[in-house]
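Trainee: One structure, as structure tokens, below. Some questions next.
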């Protein structure tokens, strides 16, 4: 708890001021936070006593809490106590506003600082309002020479003046000197003596350096001053000299010339301020402060991804939508990762600088927030092949090859029913694919073969299979469902008499060949050609025609008479010759010849179409 907060006086302790005490418990136990011990050497407790040179004794807690006042390790002693107040157009003096004061050792002349236009660097204390002088209503101007022997003050009439003209004899209202209004002056102006760099100069007369007289001068020449009395080192410059008497003095008379610590200029002007709080600037006439729009002026420190908002006396920074941070530093928010986006469940979120985008996934349409399935099959945007069927799915589609086709649905090829080997091809069965959309294959036996042609059925049975005793099997041929076989006279020595040849054929279920029409004869001749029958003896074959029963009455082996087709050679001898041969010459026209039945020739057998036996 706070025991006393009477900042000015506590009745029991009349000399403890600005006092914030925790408790009293005797000098050794007194505790608190702040006290101005005003009693000096006469303080009640040891901890508050101070010599006159050290007075006032401003004590405070060096910790963040209250302390015992006699705990010297934790009690601080302030050099001074300063009290500030804050408020619009606040002044300490209701009339005067300090606008300029000199500073020693800057290296800048007073005149350069006073004359510097707005925006120029100034090393002395200068109020910006001076640059608005013409728009101000300056009533009075005061010069104060601050010195150890007491301040000297000059007051001038400022009405209707400008920044320099107010400093003149005609405008002087009061001064510390009794003769300044009666004595003549050879210089009375701010510019003063330009060659000698003597400013704010009120001079009586020149009479060489030892005889120069006056009241006030700012010797701006520093170490280069013309006269010894005005010279000063850089650290002491500017050299502000004044008469310590009530009248003008000889400048060379050091005993009567004072040196001011500084020159202070103040003005009396209604509503004028010398400085503005942070966030404010002088208005156009310099009499008040206007809020600075830091956002418009570009003096804010908001980040490039933030928005600046002006406030009274300041500004705020706020990261733009899609960013996070303190407004000075902003980082992009990845809404996709953070899950703060509004993309639909069938869409993909893509982060962008300061935002995000939503795009419907493949197979969907919409704005990314709302997405609907696309029926690619109906829309015709699928890529299924022409021999496939498209089926829509959620977010896509499928392609399936139609019946009779195989593939991935994009490319479909006819399924070759023969690839599964359904036909008895080892026995000459012929496989034919059934074109899609049909399926499977058809199996057929070639001429000279019989059966269903199927590998799983009867397959195909050929002439060689039906008549295995006749070799070579390669000499078989088929025509109109009949098997034909020619003997091999060269390799197998298969030459027989007519009766023996007929017996071989009949023993195997057939008969000698009966060439009852030209087509059959042509087939046989081509068959013999294919077999490359060579040699004269090998070109004559017994055929199933003879007149053994009645001379010149030719009957086929099946008992039928010779019909309209014959190829007998007209001049062929007939006597004692009853059996007919087919002669196949190499280049001439084939003919039938009647030969002695006991002659041995090759022969050709024919068999019925699978049921001749």
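Trainee: Run through all the Cα pairs of segment 31-179 and give the fraction in each 5 Å bin from 0, expressed as whole percent.
Mentor: The percentages, shortest bin first, are 2, 7, 11, 13, 12, 11, 9, 9, 10, 8, 6, 3, 0.
Trainee: May I pose another question? Count the DSSP beta bridges whose two residues both fall in segment 472-607, then state the antiparallel fraction as a percent rounded to the nearest 5.
Mentor: Of the beta bridges lying entirely in segment 472-607, close to 90 percent run antiparallel.
Trainee: Taking the Cβ of each residue in 352, 398 as the centre, tally the other Cβ atoms inside 10 Å and list the residues starting with the fewest.
Mentor: 352, 398
Trainee: I'd like the FRET efficiency for residue 375 and residue 456, computed as 1/(1 + (r/R0)^6) with the beta carbon distance as r and R0 of 41 Å, rounded to 0.05.
Mentor: The value I calculate is 0.35.
Trainee: With each pseudo-label sitting 7 Å past Cα toward Cβ, what's the residue 352-residue 419 distance in nm, one decimal?
Mentor: Those two pseudo-labels are separated by 5.0 nm.
Trainee: Another one. Please report, largest first and rounded to whole Å, the three semi-axes of the ellipsoid equivalent to segment 346-502, where each semi-axis is the square root of five times an eigenvalue of the C-alpha gyration tensor.
Mentor: They are 69, 13, 9 Å, listed from largest to smallest.
Trainee: Still on this structure, I have one more. Per the helix-only calculation at 222 nm, which mean residue ellipticity applies to the chain, given -39500 (n - 2.57) for every DSSP H run of n ≥ 4 and division by its residues, nearest 500 deg cm²/dmol?
Mentor: Calculated mean residue ellipticity at 222 nm is -2000 deg cm²/dmol.
Trainee: Starting from a Cα-only point model with no solvent, please compute log10 I(q)/I(0) by Debye for segment 349-418 at q = 0.11, 0.16 1/Å.
Mentor: Listed by q, the Debye log ratios stand at -0.41, -0.63.
Trainee: While we're here: For residue 44 and residue 529 in the same chain, what is the full-extension length gain: residue separation times 0.36 nm, less their Cα-Cα distance, in nm?
Mentor: Here the segment from residue 44 to residue 529 would lengthen by 158.8 nm.
Trainee: At 4 °C and 1.567 mPa s, grab the translational diffusion coefficient of segment 40-84 from Stokes-Einstein with a Kirkwood Rh over Cα pairs, rounded to a whole number in µm² per second.
Mentor: For these conditions, the coefficient is 114 µm²/s.
Trainee: What relative contact order, as a whole-number percentage, does the chain give when Cα pairs under 8 Å and 6 or more residues apart are counted?
Mentor: 6 percent
Trainee: Remind me, what semi-axes does segment 241-338 give for its equivalent ellipsoid, largest first in whole Å, using sqrt of 5 times each Cα gyration tensor eigenvalue?
Mentor: So the three semi-axes of segment 241-338 are 57, 17, 7 Å.
Trainee: In nanometres, what is the gap between the two model label sites at residue 182 and residue 329, each 7 Å from Cα along Cα-to-Cβ?
Mentor: Distance between the two pseudo-spin positions: 7.5 nm.
Trainee: By how many nm would the segment from residue 551 to residue 228 grow when fully extended, if each residue of separation counts as 0.36 nm and the alpha-carbon distance is taken off?
Mentor: 97.7 nm
Trainee: What Kirkwood radius, in Å to one decimal, follows from the Cα pairs of segment 8-77?
Mentor: After inverting the pairwise mean of 1/r, the radius is 11.8 Å.
Trainee: At a temperature of 20 °C and a viscosity of 1.002 mPa s, determine how fast segment 109-251 diffuses translationally according to Stokes-Einstein, using the Kirkwood radius over alpha-carbon pairs as Rh; express D in µm²/s, rounded to the nearest whole number.
Mentor: 135 µm²/s
Trainee: Follow-up. Tell me the Rg and the Dmax, in Å, that the Cα atoms of segment 292-331 produce.
Mentor: Using the Cα atoms of segment 292-331, the pair Rg, Dmax is 9.6, 29 Å.
Trainee: Alpha carbon centre of segment 327-388 versus segment 443-472: separation in Å?
Mentor: That distance is 68 Å.
Trainee: Please state the equivalent ellipsoid semi-axes for segment 472-607: what are the square roots of 5 times the Cα gyration tensor eigenvalues, largest first, in whole Å?
Mentor: Over the Cα atoms of segment 472-607, the ellipsoid semi-axes are 20, 16, 16 Å.
Trainee: Can you figure out the FRET efficiency of residue 386 with residue 118, using R₀ = 60 Å and their beta-carbon distance, to the nearest 0.05?
Mentor: About 0.10, to the nearest 0.05.
Trainee: Could you list 493, 152, 584 so that the one with the fewest beta carbons within 10 Å of its beta carbon is first and the one with the most is last?
Mentor: 493, 584, 152
Trainee: Let me ask another. Which value, to two decimals, describes the C-alpha radius of gyration of segment 161-219 once divided by 2.2 N^0.38 Å?
Mentor: In units of the 2.2 N^0.38 Å rule of thumb, it is 1.10.
Trainee: Hey, could you get me the Stokes-Einstein D for segment 192-286, Kirkwood radius over alpha-carbon pairs, 25 °C and 0.890 mPa s, rounded to whole µm² s⁻¹?
Mentor: D, rounded to a whole number, is 162 µm²/s.
Trainee: Determine, from the Cβ-Cβ distance of residue 261 and residue 297 and an R0 of 35 Å, the FRET efficiency 1/(1 + (r/R0)^6), rounded to the nearest 0.05.
Mentor: Here the calculated transfer efficiency is 0.35.
Trainee: For the residue pair residue 558 and residue 432, what label-to-label distance in nm results when each label sits 7 Å from Cα along the Cα-to-beta-carbon direction?
Mentor: Reported label-point gap for residue 558 and residue 432 is 2.8 nm.
Trainee: Arranged by the count of other C-beta atoms within 10 angstrom, fewest first, what order do 146, 576 take?
Mentor: 576, 146
Trainee: Now for a different question. If the chain between residue 29 and residue 312 were fully stretched, how many nm would it gain, using 0.36 nm times the residue separation less the Cα-Cα distance?
Mentor: Using 0.36 nm per residue and subtracting the Cα-Cα distance, I get 97.1 nm.
Trainee: Work out the P(r) tail for the chain: percent of alpha carbon pairs separated by more than 42 Å, whole number.
Mentor: Result: 68 percent of Cα pairs exceed 42 Å.
Every number here is computed from the coordinates shown, using simple stated rules; none is lab data. Just so it is clear, the model here is predicted, and its values are computed rather than measured. Every residue, glycine as well, gets a Cβ built from its backbone with ideal geometry; the counts of neighbours run over all protein chains shown.
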